[in-house]
Amino acid sequence: MKRVILELRALSKYYISEHAVVVGLNSVDLSFRVGEFVAVTGESGSGKSTLAHVLAGILPYANGELLLDGSRTPHYDGADWEAYRRDKISFISQNYGILEGLSVGENVTSALRILGFSPEEAKKQAEEILHRLDLFELRHRLAAKLSSGQKQRLSIARALAKPASVLIADEPTGNLDRENSEKVIRLLADAARDRLVILITHEFEEVAAYATRRLTLSDGKVITDAPLREPNV
């Protein structure tokens, strides 16, 4: 069995405004292993996206603990969380997170160059990834000129380019048609062969044939945590 890479212990997250306190996560205990493809489901406002953003180091948590490879994070400052997001996490959102002023190829090579790859290494790895996502023929096209499905695949290409052991996708198929949604799900399932993949979704049916585990949230709590099939090992 592969190692536990992320763990939450009695973790809570609150949103505080002038007039109210809203619970995002309520004393959540969870652990995740490399090789899992975890589908996180629940109604709007259940805490799905909050969970994704806390795990990704984008949102701070209020109480409890988040552990990465067994290492505690309560002492992390801004620089620590920046390094965590840069080195440990690949994040995919509905908003793509691509650089629309660059070409398809430049989007992927730039992500690799930030991580310290040489220009030659970045180009070689980018081409391999673009081939896998059927984007190689579009490598010189400006990202702004892509269709919604192509932009989402480019977002995934940038995420896969990072040698991060955790990939978190927050409703990446929300803007896609059925055909492109299925392509995205298959790519994410394939990525779970050598990393942890966590998918936030409103449509469990589209991932049911691939997910190894299903979490269901309600009012910031985990109400079901069901294994579906053996993780990749």
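Being on the phi > 0 side of the Ramachandran plot and out of contact with any strand residue (DSSP E or B) (no Cβ under 8 Å at 6 or more places or on another chain) narrows it down to one residue among 70, 45; which is it? Explain how you work it out, then say what you get.
Details: 70 fails: out of contact with any strand residue (DSSP E or B) (no Cβ under 8 Å at 6 or more places or on another chain).
Only one candidate passes the filter, namely 45.
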Exercise. So which of 215, 154 is modelled with pLDDT of 90 or more, buried (at least 22 other Cβ atoms within 10 Å of the Cβ) and part of a helix (DSSP H, G or I)?
Worked result: 154
Seminar exercise, completed: Scanning the range 60-94 for residues that are in a strand (DSSP E or B) and open to solvent by 20 Å² or more (accessible area, probe 1.4 Å), the one modelled with the lowest pLDDT turns out to be 93
Exercise. For the range 157-180, how many residues meet the condition of being open to solvent by 10 Å² or more (accessible area, probe 1.4 Å) and free of Cβ contacts under 8 Å to residues at least 60 places away in the same chain?
Worked result: 7
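Considering the range 117-151 alone, what residues qualify as being part of a loop (DSSP other than H, G, I, E, B) and either among the polar types (S, T, N, Q) or open to solvent by 60 Å² or more (accessible area, probe 1.4 Å) (or both)? Steps first, answer last, please.
Going through the range 117-151, the residues part of a loop (DSSP other than H, G, I, E, B) turn out to be 117-118, 133-135, 139-141, 146-147.
Across the range 117-151, the qualifying residues are 118, 134, 139, 140, 141, 147.
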Exercise. Being surrounded by fewer than 15 Cβ atoms within 10 Å (Cβ to Cβ), out of contact with any Leu (no Cβ under 6 Å at 6 or more places or on another chain), farther than 29 Å from residue 157 by Cβ and not hydroxyl-bearing (Ser, Thr, Tyr), is that true of even one residue in the range 42-59?
Worked result: yes
For this session: Please work out which residue is nearest to residue 160 (Cα to Cα), limiting yourself to the range 98-111 and to residues that are at pLDDT 90 or above and not in a loop (DSSP other than H, G, I, E, B).
Result: 108
Exercise. So which pairs qualify, if the first residue must be in the range 13-40 and in a loop (DSSP other than H, G, I, E, B), the second must be among the β-branched types (Val, Ile, Thr) and open to solvent by 50 Å² or more (accessible area, probe 1.4 Å), the Cβ gap must be under 7 Å, and the two must be at least 6 apart or on different chains?
Worked result: 35/233
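The values are calculated or read from the model by the stated rules, or taken from the named source; none is laboratory data. If you're wondering where the values come from, they're calculated on a predicted model, not measured in any experiment. Quick reminder, even Gly has a Cβ in these numbers, built from the backbone with ideal geometry, and neighbours come from all protein chains shown. Side chains included, ligands, DNA and RNA excluded: accessible areas come from the protein's heavy atoms. Shrake-Rupley method; radii C 1.70, N 1.55, O 1.52, S 1.80 Å.
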